[in-house]
Amino acid sequence: MIRNWPLLYRDVLLTGNLDSCVGVCSLWTERSIVQKIINDPSRYAVIGNLYSAQGINAMIRNIMANPRIRYLVLWGSELSLSGHSLLQLMHQGIDKNRKIINGRGEIEAEIPHEIIDEFRKNIEVIDLRGRHMDQLKTTITVLKPKPPFAIKARIFKPAKVVSRILPSEKVGFRVEGQKVAQTWLKILNLIDKYGLVKHSRYSQKNQIREVLNLTAVVTDEDPNQVYFPDYLPFSLTELKAYYAEFLTARQTPGTAYNYGHRLRKHFGIDQIQKIKDLIKTRPDSKKMLAVTADVKLDWGRANNGDTPCLTQILGSIYNHQFYLTAHFRSQDMVHGWPRNALALRQLQADMAKNSGYKLGPLTLITHSAHMYSDDFKLAKDILEKNFAKESGYTSSVHFEFDPRGNMVVEVVPMPKNKIWPADNALAVNRVLRKVKGKGRMIRATLFAPDGGTVVKVFEGRTAQETAWQITDFGYLAIPSHSMYIGMELQAAEAAIIHNQKYSQDPA
């Protein structure tokens, strides 16, 4: 019997007879369900999920470390084309960029081409997707034993990922974008820079990068014509199939839970319909709540099963629009978040339909916002190719709308009767010696967005004195806006010191 196997995901995979030549890939179906169906651990070596095509790398590594395995039986719910991608690897291989031909995912550079060929040649994949569970049990029972395809185990270097965690606030992060895809890029960028490395059972290196309590706001996604760039890690066909997860009460066989079933049927009440009714009868109500957590059932699965990542949704009529907020206890931000966000936008539209209210922003609040080590490289590649392009900035225009307003900076005559604080900070006193007797001051006027009226006026003798009035009380929301105003205040101060004219540069 082989020892210290599986190499990867040892805490997650279900092992049986390690001398067996059969491995079972259950895709998205719970491993324990497959274990009960087979009901004979001597018939298989291992049972494991394949949630994404990137997991094929771990599959290859584990099987090359145990050459006794000759069959892979594919059975279970196919929700991300991971099974399809495995079959495409077996049938067509990889291209020059190591991507699976006509499939998803790519094979790590540390796994040599000849090993990929050996894997394809010696492993027989038996596709039972969509078949009855009885056929799974029968197939495994009649498989004829095969000898190992190699004399000894082969182990390869881990995939190389170079990452450095930057200092951060650790908790309470926020991103915002007009579209789901653009907001997702900001999420990946944030976790890539600031995600704390933690242990996880669900990745090759047992690692994730995580930030806590991430709020992501999507302002303008059109549910009837979603923005769907090619860098999203799934197809439009997959996405539309996933919509049923939220929009219907169906329950996919073999899965531990479905959001739509929990929201509409599981508790014997259609919570979504109740919110729809409340929107019409009491639009000012703060009781537009739907929950997925079944406390007794889910705590019973805490150590040996899956529980809903989405815990609740809340609706509000605000500013004559229907706002929706979704709370997640945990999310895979690479593969799960964009699917969930786009599906929730559809749910938001469905809830607001026929109510007379337009859609407001969609907000997702995630307690554990993480990416798995298997996806570190994928996230970096996506960011490198798309983040700057999707920012919308050009060499001539580098402007980000600030919902708290726009600011005009001027240099104006100083009133003779103007009273200033007697006790000034050292930084202010240092500059005051240079501007003394100049007779001018800085005025920064905050206007409401979209050409609105004056909100607040700030006046100071120096850039620092003016800036503190703005920043100490949080009058601006966007960091780029604050930095732009800071540069303009500094330019205004320089104009006073050198007796020059000042005019504000465009953003």
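Tabulated values for the structure
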quantity: q = 0.09, 0.10, 0.15 Å⁻¹, the range 171-390: log10 I(q)/I(0) [Debye, one scatterer per Cα]; calculated: -0.36, -0.45, -1.02
quantity: Above-threshold pairs, the threshold being 19 Å between Cα atoms, out of LYS198/LYS377; LYS36/LYS144; LYS170/LYS377; LYS179/LYS276; calculated: LYS36/LYS144; LYS170/LYS377; LYS179/LYS276
quantity: Reciprocal of mean inverse Cα separation for the chain (Kirkwood radius, Å); calculated: 26.5 Å
quantity: For the range 131-162 and the range 403-438, distance of Cα centres in Å; calculated: 74 Å
quantity: Extended-chain gain in nm, criterion 0.36 nm per residue less alpha-carbon gap, HIS498 and ASN304; calculated: 62.7 nm
quantity: Summed residue charge, Cβ within 12 Å of HIS481's Cβ, Lys/Arg positive, Asp/Glu negative; calculated: -2
quantity: Long-range HN-HN contacts of SER330 with modeled amide H, under 5 Å; calculated: HIS367, SER368
quantity: The range 169-202-the range 207-240 distance, computed between alpha-carbon centres (Å); calculated: 12 Å
quantity: Bins of 10 Å from zero: percent of alpha-carbon pairs in the range 358-507; calculated: 9, 30, 27, 17, 12, 5, 0
quantity: Approximate spin-label separation THR471-VAL454, in nm, with each point projected 7 Å along Cα-to-Cβ; calculated: 2.5 nm
quantity: Ordering of 468-476, 334-342, 210-218 by burial proxy (mean other Cβ atoms within 10 Å per residue, highest first); calculated: 334-342, 210-218, 468-476
quantity: Principal axes of the range 1-81: Cα extent on each, largest first, Å; calculated: 34, 28, 22
quantity: Residues ASP222 and LYS380, FRET efficiency given R0 of 22 Å [Cβ-Cβ distance, rounded to 0.05]; calculated: 0.15
quantity: Sorted by Cβ neighbour density within 10 Å, fewest at the top, the residues LYS274, LYS121, LYS179; calculated: LYS121, LYS274, LYS179
quantity: Dipole magnitude (debye, nearest 20) for the range 14-142, charges at Cβ of Lys, Arg, Asp, Glu; calculated: 160 debye
quantity: Length gained when the stretch SER285-ASP505 is fully extended (0.36 nm per residue, less Cα-Cα span); calculated: 74.6 nm
quantity: Reachable aspartates and glutamates from LYS240, criterion Cα separation under 16 angstrom, eight or more residues apart if same chain; calculated: GLU78, GLU221, ASP222, ASP230, ASP350
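Where a number appears in this text, it was derived from the coordinates with a stated rule and is not lab data. Since we're looking at a predicted model, the values are computed, not measured. Cβ atoms come from the backbone with ideal geometry, glycine included; neighbour counts cover every protein chain shown.
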